[in-house]
Every structure is written in C-alpha cells, then in structure tokens.
Amino acid sequence: MSDTPPEVRFVRALAAGILREGEGAAIAGSAALRDFLASEKSLVLEVQFTGFTRRGEQVGGVHPLLLRAAAQLIVLRVNRVGFTPEAEESDLRALFDALSRPAAEMPPRGVVEVLAAAAPRGVFLSTSSGEVYRPERHAPPEPPAAAAPGESAPAPAETPSYSSALDFVSGDSVVDLAEFEIVETRGDPVPAGGAGDPTPAAPPTAEHEEPPADDLYHFFRAAGAGRGDAAEADDLADSLRRSTAVMGFDGVVQSAVAAVPRLMDTGEEMRALALVEALAEEARRPDRSRVFRDSAEQGLRRAATDPVLNRLAELLERGGEVRERVLRTFLAVGGGAFPILETVAVRTGDAGLREAVFRAMLERDPTGARILDRAMSEPAARARAVLELAALPGVDATLTQRWLERAAKHPDATVRADVARHAARLDGRGGLRILLDLLGDADESVRRAAVRRLGERADPAAVPFLTRILNESGDEDLQLDVVAALGSIGSAEALPALTGILQKRQLFAGKRLQRLKVAAVAAVGRIPLPAARDVLASLASGKDAELATEAKRALTDG
C-alpha cells in the first residue's frame, strides 16, 4: 500500500481530472476518497494560489500539477470544493467536466449552473461570488400505511438517519446541508412516527460548543456567512482584522465579498463601504504575510464590482469624512474604479466635489490625462468646468501645460478662451507660448482673450507679436485691446509701438484713429520711464486739445 496519505492521492487525482490528464483520474479519485472517508465524514478543499489546503494546511505541497489546477479553479471563481462518501465515479466525472471547461464556454451562472444540470451526489462547491452548489435533497420516505383487516402489516420504513451526506450529526447540532441551517438540539434525534407530540428541544446552554472539526459544517458556515442581518455584517470587518488562520481568514473574506452587494441592495451603503475599506486595509497590512494580503486583494477586486462602485460614488455627494473615505477606497481599488471617478469629475455640478476627485486621482495617477481626454469630447460647459482643474494650486506645471495645449484645440471658442485665462497664470514660457498660439485663432473672442491675458502677464517677449497685430489688424476693438496690453506690459519695448500710433497722420482717419490715439496716451502714461513722460509732456503742449487733456491727466496721475 502506498505511503501517500489518501487525501493527498485524492487531491492529485482531482487536479489530473480538472486538467484532463489521465483517463483513470476519476476512478483513482473515487478510490482515494473512499479510503480517506473511512475515518472522516467529509473532505473540503480550499483553493489557494499555492494549490489546495484543508483546515489551513497545504495538501499535496506546492506541486506544478496542483498549481495549474488551482489556477483553473481561480479563473472559474471557485474557492472551495467538498466531497462526501456518496460521491461516485460518475459524480466525479461530472465535476471534472464542469471544472475543466474554459471560462468562455461557461453559462451565465458559471460552474454552479453546469453542476446543477448534471446534479452529482456527494459533491459540493462554492464560488467567490457567494454561489453554492449542493445536491438536491431526497424527500424522506412516507410513513407506512395501516394494514387492512386480515392482512399482514407492511415492513416498516427505515427511520431517517442524520448521518448521510446531506444531514449529519456533529456534536449536539444537526446540520441540514440542504437548507444551510444549523438547528440546535439536545439528546437524540426525535424518532419518526412516535405517539403524541415530540418533546420540544431544550434551549442551548452556555456549555454548548460549536461542532469542532467537521469539514462540511465549516464549508457551509463559510459559504453562507454574511447572509444574516446588517448587525452581523458589522462584525465582518473586525473578524478580518482578528483572523490569524489562513482558512478562517479566507472564509471571512468570502463572507465579506458576498455581503457587500446584499448590503447595497438593502440600503446599507455605509456598512458595505466599511467592509470594502476593511478588505483594502488587509490587502496592504505590512504585518500580514503575502498569502493573507493576496486573499484580501482578490476579495477587494471581487467586492468592488461596477454596480457597487457606482453606488459608492453616490456617497461622494455627502462630502466631509464620507467623501474622503469613499475616495480612499476608490484609490485602493484602482483600475476599474478610475473611469467612474473620471465620470464624476466631468459631470458633477459641484465644484468642490470635482476638485476633491481630481486631487485624489492625481495622488494615485500623476498624469491625469484621461480626465482631459474625456472632457474634450464633452459639451463646452462641462469641458470648461473640468478645465478649471488644470489651474488648481499644487498641480504640476508640466501637466497643466499639456492639458491647456490640448484644450486649445477644443471645437468650442468659449473653451479656448478659458484656456487663455488659465495660461496667463502658468509660470514659465509654456503659458506664453500657448497665448501666442491663440493670437492666431480663427475666432475674434479668443484672439481678444489672448491679448488681454498677455497684458496681464506683462512679459516684454510678447511685445513684437502684439505690435504686429496692432499694425496688421483692421479690427478696432482688437487694436484697442492690444494698446491696453502694451500699456500693462509697461516696458521700454512697448513705447515705440505706442508712439507710432500717436504720430499717425491719416486724412480720412476720423473718430476711429482718434479713439486709438486717446487709448495710446493712457497706455504711455502707464510706462514708468522718463522717455514715456517726455512723450506725454510733448502731447500736453500740442495743438490736439483732446490728446493734450489726456496727456495732462496721465502726467498728474503718474
């Protein structure tokens, strides 16, 4: 006889059957299972990244065959399989057929639906999404009919036993695996067909303890955990932090994963948030081993589905601590959570929420380019709202510049005009270059916005570009904006362009040129140079009364 323990032989056969390696896998597995269950009621295997475990202990070691089989089950979201002596060769073959299917060929409910169709006996299975396969329970035999006069009584039916694969006794508890309910009893089971009412079960006492070691008891306790009321769900987060055994921790993780969507459905969003937070915390606990952190990380991914994240995103509207908690949770989830945050940032009308989401995303993803990509396909009002984020204090200037350059190509002129406003506050040559590019925009309102913002920046490097517009444009309003911008810049480079306007002589210039000259006098008055005061003094004593009056006022104000 082989020295290999029966459970190890069975797990290896199970792995071979899942991977379709070896025709005799099912038969060998059936024989090994019978050997093992000669002294045990059941066998439950936990699926881990490192293979299979039983009660927290590795079964079969870290073997390539077991690793590949476990990986196949993880893809199918299977986290636990159980067996009883009722499992026949045909049942094991049905299980192998279900578990060896590619994920793409699975029906909507996955492996549980496949097993339900095949209905194998003595085989149990649970998934990380909280679904459980269990064999259908056979109805108990009908009580014998009374014998007619003169006839012999029929043979009495056997009293139902609680030691089958579906109902078994463990300690003082009768566990009905078909119903997943734990019914506390005292003494022997009540015999069927007795006279009168059965004696009521005595209430459980303080001395009663949980059944100690039966695998299937803990299988369904873990698979069905979290199905109680919301108060029980509150304890799951604490259980995660307190768990020290891998098997127990994984069971709590699965319970938390299954509880989150149910809490959402019953309006307990804050309790659901607390569970997701607890999973995120455990996934990053430095004092946990990698096995614990990986289990929590996988649980976090399974719990944070799109429907759950969308419901959590609604909590952002509450502000305060709740908003901060939700944002931290989204950052912990990462990946698929970011598009939902991007949508919130683009579509919310709450400027405070938009800023909070944006800053949170920059904390995790410094590029932040996806937000602007989305904004550039949004209507102008939304795009302008998101564009405000580019100029927030603390945002990296390189990122802001790239955003503004891309936004400068938005089809709506109001967005491009906003780009000019934000570019004026951007330090360095990047903002200047954006504004100079906008001077050539096809829309007059954008060109005027760029001219005004160049005046605000007061960068002498912009003077040649403004002078060219002054000399070439026939738009009086744009020319007036250029003159005002040159005065705001107030540099020596701006003075020649302004005096050139004052020296113009046009026979038919009319009021248009005069308005431009008056504006030029005011602009010269803003240049704090002796040469500018000489120009004003000359105008103050000149023959043009209107210009003389403006020049005197500028000299007095200066």
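What to note about this one:
- Semi-axes of the equivalent ellipsoid for the range 407-475, computed as √(5λ) from the eigenvalues of its C-alpha gyration tensor and ordered from largest down, come to 17, 16, 8 Å.
- With the whole protein complex present, Phe338 retains an accessible surface near 20 Å², based on a 1.4 Å probe.
- The listed residues Met106, Met361, Met270 rank as Met270, Met106, Met361 when sorted by accessible area, largest first, using a 1.4 Å probe.
- Cubic angstrom per residue, convex hull over Cα atoms of the range 266-341: 87
- Cα-based Rg and Dmax for the range 1-128, where Dmax is the largest Cα-Cα distance (Å): 13.3, 44
- Residue separation of Ala118 and Thr343 scaled by 0.36 nm, minus their Cα-Cα distance, works out to 76.6 nm of gained length.
- Rg/Rg_ref, the range 477-558, where Rg_ref = 2.2 N^0.38 Å and atoms are Cα: 0.99
- Highest to lowest packing among 280-286, 339-345, 321-327, scored as the average C-beta count within 10 Å: 339-345, 321-327, 280-286
- Counting only Cα atoms, the size of the range 403-542 along its three principal axes is 52, 33, 17 Å, in decreasing order.
- The figure for Leu389 is an accessible area of roughly 10 square angstrom, using a 1.4 Å probe on the protein chains alone.
- Dividing the Cα radius of gyration of the range 335-476 by 2.2 N^0.38 Å, with N the residue count, gives 1.10.
- Coordinate range of the alpha-carbon atoms in the range 239-291 per principal axis, descending: 34, 19, 15 Å.
- Label-to-label distance, nm, for residues given as Ala458 and Asp3 (7 Å Cα→Cβ offset): 9.0
- Residues Arg241 and Arg318, FRET efficiency given R0 of 41 Å [Cβ-Cβ distance, rounded to 0.05]: 0.95
- Kirkwood hydrodynamic radius over Cα pairs of the range 88-140, then Stokes diffusion coefficient at 25 °C and 0.890 mPa s, in µm²/s: 213
- Here r is the Cβ-Cβ distance between Thr266 and Val62 and R0 is 51 Å; the resulting FRET efficiency, rounded to 0.05, is 0.80.
- In this calculation the C-beta distance from Ala442 to Val75 is compared with R0 = 51 Å, giving a FRET efficiency of 0.40.
- Here's the list of lysines a cross-link from Lys543 could span, going by alpha-carbon distance under 23 Å and ignoring same-chain residues fewer than 8 apart: Lys504, Lys511, Lys517, Lys552.
- Surface analysis of the range 422-525 yields an accessible area of 46 Å² per residue, using protein heavy atoms and a 1.4 Å probe.
- Working from label points 7 Å from Cα in the Cα-to-Cβ sense, the Arg285 to Asp534 distance is 8.1 nm.
- Computed label-point distance, nm, for sites Lys511 and Glu86 using a 7 Å Cα→Cβ extension: 10.1
- Over the range 374-435, the hull volume per residue, using the convex hull of the C-alpha atoms, is 69 Å³.
The values are calculated or read from the model by the stated rules, or taken from the named source; none is laboratory data. Given the structure is predicted, the values throughout are model-derived calculations rather than measurements. No Cβ is skipped: glycine too gets one built from the backbone with ideal geometry, and neighbour counts run over all protein chains shown. Calculation scope for accessible area: heavy atoms of the full protein, side chains included, ligands and nucleic acids excluded. Shrake-Rupley method; radii C 1.70, N 1.55, O 1.52, S 1.80 Å.
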